[in-house]
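Take a look at the structure below.
The numbers here are math on the coordinates, done by the rules we state, and not lab data. Note that the structure is a prediction, hence the values are computed from the model and not measured. So basically every Cβ, Gly included, is an ideal-geometry build from the backbone, and we count neighbours across all protein chains shown.
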Amino acid sequence: TNREHIISIQSHVLDGFCGNTIASFVLRRRGHDPKIFNTVQYYSKYKHVGVEMKHEEMQTILGALKEDLATTGGGNHGNGNHSNGNHGNGVYFLTGYIKTKECVDAVMSHIWELKNEHNEKRATQMDPQVEAPLAIEEEKTDGDAAEWHSGNSCAGDSSFGKLLSVDFLWICDPVMGDNGRIYVDKDVVLAYKKCIPFVDIMTPNQFELELLCDKKIKNENDVTTCVRFLLNRGVKLIVVTSVQYPFDKDHLYLYVGYLNGQAKLIVFKYKIFRFDFNVCGSGDLFAALLLSFLVRHRGNVPLIISKVLNIVHNVIKNSLSSGELNIIENQDIIASDGLCGSFIKAEPVCP
Ligand code: PXL
């Protein structure tokens, strides 16, 4: 039986919404059946008191996961009748808040081992459908796709150069901090730098991008320099989830970057009206939705980003008065196709 395996490795809080508290709801509400791995249990995202998992303990659980994925093809102990809309049999990791360097290291090495095993298994199976990795690329026939594509004079061939194998993906949200404040151990920065060659998709915010690349972002050119740096080191897709420039306080910018078939850097940006909302968790919402859309809809990354952004933007808009992300109240928007409300289109950036 085909079945997808989503493993979300993030924080858990008792009060409020961030990390796995968001991912578990979002993924389940969208019909997935994720495995939820909590790296810490804190009282709230503002009060980091509680329990942190030790890396040995993480190893134990990740070891059990590995065994399960190896022997049963993913621990499908049910009756094989999945009525929850799952597609495919891929293995997808979504990693977020991890407190210590040792724990990031443990997660990285397990995902890498699992990926190699997965690829070996796939190579020995003669099923061509399983063997051929699907490319995430534009659906050129799609009407919406044509819209963002028009006027793209600088990008040239903007189709995906590398195959993003959609039967094994690691989306790494390198959660380290925001607005100049770091909320994990300092040496986690180094641990994430070590992850770069093994990650498929990375979703840093501006501060995290600056930490990963040892470069302060002052203008768009700095963003594309950082994006190029990460892509050259092996990440296949970079989404910089929010950039704010001192000369434009009213907007946030999201950037998506990848290399095309000629190894040329392709970058798109999304200009977003900035709400005065300084609540953590929107990045976690973004990453969980991105995973869902990639797994379900595959192709056309710039269009998927538009849809995800649209949902995040609407959830924030509906949360402005409460000082917390109203995840439950906005569950129908979260479960939607992302075409609601104000659709923010991708604009090509000429790097
Ligand atoms: O939203 C990122 C995040 C995740 N997990 C925990 C956090 C935060 C941000 O503050 O505190 C525990």
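What are the residues whose amide H is under 5 Å from the amide H of residue 349, where those residues sit 5 or more places off or on another chain and H is modelled from the backbone?
The list, which skips near neighbours in sequence, is 267, 268, 269.
In whole Hz, what ³J(HN,Hα) sequence does the range 218-235 give by Karplus (6.51, -1.76, 1.60; θ = phi - 60°), x for Gly and Pro?
Listing the rounded values in order: 10, 8, 4, 4, 5, 4, 5, 4, 5, 4, 4, 4, 5, 5, 5, 8, x, 5 Hz.
For residue 93, enumerate residues with amide H under 5 Å from its amide H, sequence gap 5+ or separate chain, H modeled in the peptide plane.
Here the answer is 7, 169, 170, 171, since their amide H atoms fall under 5 Å of that of residue 93.
Could you sort 211-221, 282-292 so that the peptide with the highest average Cβ count within 10 Å comes first and the rest follow in order?
282-292, 211-221
Show me the ranking of peptides 170-182, 320-332 by mean Cβ neighbours inside 10 Å, starting with the highest.
Values: 170-182: 19.7, 320-332: 14.0.
Descending packing order for the listed peptides: 170-182, 320-332.
Report, in whole Å, the centroid distance computed from the Cα atoms of the range 216-257 and the range 13-39.
The distance from the Cα centre of the range 216-257 to that of the range 13-39 comes to 27 Å.
Tabulate in residue order the Karplus-calculated ³J(HN,Hα) for the range 269-280, using 6.51 cos²θ - 1.76 cosθ + 1.60 with θ = phi - 60°, rounded to whole Hz; enter x for Gly and Pro.
10, 10, 9, 10, 5, 8, 8, 7, 9, 9, 10, 5
Answer with one residue from 38, 60, 17: the one whose Cα lies farthest towards the positive end of the charge dipole of the range 1-61, charges on Cβ with Lys, Arg +1 and Asp, Glu -1.
17
Evaluate the charge dipole of the range 253-351 about its Cα centre and quote only its size in Debye, nearest 20, assuming +1 on the Cβ of each Lys and Arg and -1 on the Cβ of each Asp and Glu.
500 debye
Relative contact order, percent, of the range 236-351 when contacts are C-alpha pairs under 8 Å separated by at least 6 residues?
26 percent
Lys/Arg Cβ at +1, Asp/Glu Cβ at -1, dipole of the range 258-320 taken about the Cα centre: which of 260, 304, 281 is farthest positive-ward?
260
What's the ranking of 61-70, 306-315 by average number of surrounding C-beta atoms within 10 Å, highest first?
306-315, 61-70
List the residues, sorted by chain then number, that are 5 or more residues from residue 205 or on another chain and whose placed amide H is less than 5 Å from its amide H.
241
Provide the per-residue ³J(HN,Hα) series for the range 54-62, in order, calculated from phi with Karplus coefficients 6.51, -1.76, 1.60 and θ = phi - 60°, each as a whole number of Hz, with x at glycine and proline positions.
Result, ordered by residue: 7, 5, 5, 5, 5, 4, 4, 5, 5 Hz.
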